[in-house]
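Notes follow the structure.
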Amino acid sequence: MKVAVVGTGYVGLTSGVGFASRGHDVVCVDVSPERIATIRAGRAPFHEPGLPELLQKVIAEGRLRVTDDLRRAIAECEVAFITVGTPDGEHGIDLRYVERAAEDIGLALRETGEYRVVVVKSTVVPGTTDGVVRRAVERASGKPVGEFGLGMNPEFLREGAAVDDFLQPDRIVVGSWDSRTEAVLAALYESFDCPKVFTTLRNAEMVKYASNSLLATLVSFSNEVAALCEATPDTDVDVVLRGVHLDRRLAPIVNGQRVRPGIVDFVWAGAGFGGSCLPKDVNALRAYARERGITPHVLDAVVAVNSSRPAQLCALVERELGTLAGARIALLGLAFKPGTDDVRDSPALAAARVLAAGGASLTAVDPLIRHAPSDGSWDGLLTVCESATEALAGADAALVTTAWPEFAELDWKSLCPTMRRPLVVDGRNALRGVEWPADARYLGIGRVPDPGSIEALA
Ligand code: NAD
């Protein structure tokens, strides 16, 4: 089938490459000339394991092209996906990019007499596809829906595992305006072997929000348990949650063997959720609820707990140091989770802002991030270092903000003596297995910190 994908971010490029590797002919469209040039050269504009290799393969096979010529892409395709960003807006989700893409597709449809299916893959609140998107396409094309197909196909891929997730999805959810649309999308996904849900446009939109909101809720629940443990002597959140994980409804016993479903990884304490999806999707659903006169009690609490996490970690550092003013603190991790270089809504940056506001100066190290962004948004906030050695030298404390396994493998016995004060606050409990030198002070989360303080070390 001939497929156009409008927007070549994590979702668009991975989907385009994925469809191409499944034998479809794909044209990816973007408005960014730099992005187009990068992809044409066989490089992914972001870190995603396996993506560059597969991209180069499908380009070489002639199955994927990249262009800024949307009209031609629409003229040649049978299905057009909208995969542009849907950032947080002032009042909920910002649909500007989706509407613009829908209009552009509509203008291109005006020039073709043939049936095309327009599919929203961006995450949009219920009612958007048969509202903003349908109206934009109808207005620009001069055709009523039905003369073109309209679908909604949310994407569930995880950054860091995006290629595998796209090619071996846990589910495919397809919402359709009519049976003709559904038939085209069923044919497109025929070779994918997984449960498929064919449903209404609004169910498809809601599934995505409900899924992400559940994950966010589990993270905040776990962080609330961590806060309770921090106030309860002789408790340890890791032990408590490991006990919770053994509930057979979370980890069933199948043929005498424990199965460990991935959802269990969300029932774990840390620095809070971040990234380009959970925070903005939870906020979008909250705004959507309020527009409908519903108070989203659970989601409001999820956000309140999450927003408080970075400050709680910084308070732990401050309590140990006595003051943040004049302190030098090394952040271990900038990405919102290991395996990606995405820093959108990263708890690490939220913590950096709190520490900087308290008067600390910051160094940072992350295995995938070697430079501050060129837009200058980190200027004056932190210095990105090449190595942990550089970031930790002379530091008064290290704060672990991303659970990169590399940090647990560092040679702490050599690194701690290079710090001005060998204090490590582990916001992800990722370094618990490390053997610390005798004079180092290591503090995890979700336990009452022991009464010793860094002053005792001085
Ligand atoms: P992104 O911001 O990484 O990429 C969006 C791309 O769209 C950019 O390359 C931009 O230049 C391009 N673009 C914007 N307007 C355009 C237009 N009119 N025509 C052509 N190109 C245009 O976005 P993303 O992270 O891939 O997310 C896209 C959507 O998918 C969002 O709604 C997001 O919530 C959802 N989603 C993201 C993920 C994820 O892990 N990133 C997972 C599932 C769903």
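Using each residue's phi in the stretch 345-353, evaluate 6.51 cos²θ - 1.76 cosθ + 1.60 at θ = phi - 60° and report the 3J(HN,Hα) Karplus result to the nearest Hz, with x for Gly and Pro.
Taking θ as phi minus 60°, the curve returns 6, 6, x, 4, 6, 4, 5, 4, 5 Hz for the stretch 345-353.
Report the per residue volume, in Å³, of the convex hull enclosing the C-alpha atoms of the stretch 187-318.
Dividing the Cα hull volume of the stretch 187-318 by its residue count gives 166 Å³.
Provide the packing ranking of 236-245, 93-102, i.e. peptides ordered by the mean count of other C-beta atoms within 10 Å per residue, highest first.
Per-residue Cβ counts within 10 Å, averaged per peptide and sorted highest first, yield 93-102, 236-245.
Find the centroid of the Cα atoms in the stretch 359-409 and in the stretch 89-155, then give the distance between the two in whole Å.
Each part reduced to its Cα centre gives a spacing of 42 Å.
Would you grab the residues whose amide H sits under 5 Å from the one on Gly89? Only those 5+ places off in sequence or on another chain, please, with H modelled 1.01 Å from N.
Asp94
Using only C-alpha positions, report the orientation-averaged shadow area of the convex hull of the stretch 22-179, nm², one decimal.
With the hull built on Cα positions only, its mean projection is 9.8 nm².
Tell me, what HN-Hα J-couplings in whole Hz come from the Karplus equation 6.51 cos²θ - 1.76 cosθ + 1.60 at θ = phi - 60° for each residue of the stretch 204-219, using x for Gly and Pro?
Once rounded to whole Hz, the list reads 4, 4, 6, 4, 4, 5, 5, 5, 5, 5, 5, 4, 4, 5, 5, 5.
With unit charges on the beta carbons (Lys and Arg positive, Asp and Glu negative) and the dipole taken about the Cα centre of the chain, which residue among Val237, Gly151, Ile445 sits farthest to the positive side?
Checking the options against the dipole of the chain, the answer is Gly151.
Which one, Ser361, Pro195, Asn283, projects farthest toward the positive side of the charge dipole computed for the chain from Cβ point charges (K/R +1, D/E -1)?
So the residue we want is Pro195.
Show me, bin by bin at 10 Å from 0, the whole-percent P(r) of the stretch 380-451 based on Cα pairs.
Histogramming the stretch 380-451 at 10 Å steps yields 19, 57, 22, 2 percent.
Do any of Lys57/Lys208; Lys121/Lys196; Lys280/Lys337; Lys208/Lys280; Lys143/Lys208; Lys2/Lys121 go past 19 Å between their Cα atoms, and which?
With Cα atoms farther than 19 Å apart: Lys57/Lys208; Lys143/Lys208.
Can you pull the percent of Cα pairs in the stretch 233-458 with separation above 26 Å?
Cα-Cα pairs of the stretch 233-458 separated by over 26 Å account for 41 percent.
Equivalent-ellipsoid semi-axes (√(5λ), Cα gyration tensor) for the chain, whole Å, largest first?
Here the semi-axes work out to 44, 24, 20 Å.
At a 1.4 Å probe, what is the % contribution of carbon and sulfur to the accessible area of the chain?
53
Label-point separation (nm) for Leu214 and Glu190, each offset 7 Å from Cα along Cα-to-Cβ?
According to this spin-label approximation, the distance is 3.1 nm.
How big is the antiparallel share of DSSP beta bridges in the chain, given as a percent to the nearest 5?
The antiparallel fraction comes to roughly 15 percent.
The values are calculated or read from the model by the stated rules, or taken from the named source; none is laboratory data. Keep in mind that what you see is a predicted model, and the values were worked out from it rather than measured. So basically every Cβ, Gly included, is an ideal-geometry build from the backbone, and we count neighbours across all protein chains shown. Calculation scope for accessible area: heavy atoms of the full protein, side chains included, ligands and nucleic acids excluded. Shrake-Rupley method; radii C 1.70, N 1.55, O 1.52, S 1.80 Å.
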